[in-house]
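One structure, as C-alpha cells, below. Some questions next.
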Amino acid sequence: THSAWIVENGMLKQELDRSVSQWNGGDPSTIVGDFRWMDYSVSVDIIYPEGAANGEWAGIGIRSATGMNWNNSGYTLHIQRDGWWNLYRVGSRVASGYVDASDSYRLTLIGLGDTVTAIIDGQVVATYQDANPMLSGRVKFSSGWNQVYFDNLEVKTVKGGIPYAL
C-alpha cells in the first residue's frame, strides 16, 4: 500500500493529501488479488466527497504485476471528478475522453486476451487491443493526492477467457 487507505462508512478511502511528505514520489495506490489472475473484469464505484475539486482523479487498474505506483504495470482507467477520463497502458495514455461530470462514477475494466475494455457508468468508452499484452496481474486502486472513496468492488471471470495462470 502506498498512502493511507482506511475504511470509513463501509467504504475504502484514500485519506491523504499533498501535505504529507512522500518518500517515493508516487501517487496513492493499493493492490488486491493475485499475480496469476488473467481474464477478468473489475468494477468499483468512485465517490468524491463533498467539496472535492475538479481535476481530482481516481482510478482502477487490472493486470498489475510489478511496482506500487499506478503507472508501473498493467492497464489503468482514471476519471477526474469533472468527467475527463484516461485509459493507460503502464504509464502511456492509449485513450481519453469525457463523460458528464458527477460526484460518483462506476468504473469497469475488462481484460480478455489482448483486449482491454473501459466502461464508465455502464457505457463502453474505449476498447484497446495491445500488440504486446500484459496477460495477468492484480487489481490496483489509485488516486491523486485527494480524498476519494471506493465502494462495491466486484471482480469476475470473463466468459471464454482463462481465469487463472498455472
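Restricting attention to segment 28-42, which residues are over 16 Å from Asp121 (Cα atoms), of a type outside the set (S, T, N, Q) and part of a strand (DSSP E or B)?
Ile31, Val32, Trp37, Tyr40
Please find, within segment 101-140, the residue that is surrounded by the fewest Cβ atoms within 10 Å (Cβ to Cβ) out of those that are of a type in the set (Gly, Ala, Ser) and in a strand (DSSP E or B).
Per the stated criteria, the residue is Ser104.
Which one of these is closer than 23 Å to Asp27 by Cα, touching a strand residue (DSSP E or B) at 6+ places or on another chain (Cβ under 9 Å) and not aliphatic (A, V, I, L, M): Asp103, Asp130, Asp114?
Values: Asp130 fails: closer than 23 Å to Asp27 by Cα; Asp114 fails: closer than 23 Å to Asp27 by Cα.
Just a single option satisfies the conditions, and that option is Asp103.
Would you confirm, using the coordinates I've provided, whether Arg106 is closer than 19 Å to Trp57 by Cβ and of a type in the set (D, E, K, R)?
On the way: closer than 19 Å to Trp57 by Cβ: yes; of a type in the set (D, E, K, R): yes.
For Arg106, the condition - closer than 19 Å to Trp57 by Cβ and of a type in the set (D, E, K, R) - is met.
Any read-out appearing in this document is the output of simple, stated calculations on the displayed coordinates, not a laboratory observation. In this text, all values refer to a predicted model and were calculated from it rather than measured experimentally. Every residue, glycine among them, receives a Cβ derived from its backbone with ideal geometry; neighbour counts consider all protein chains shown.
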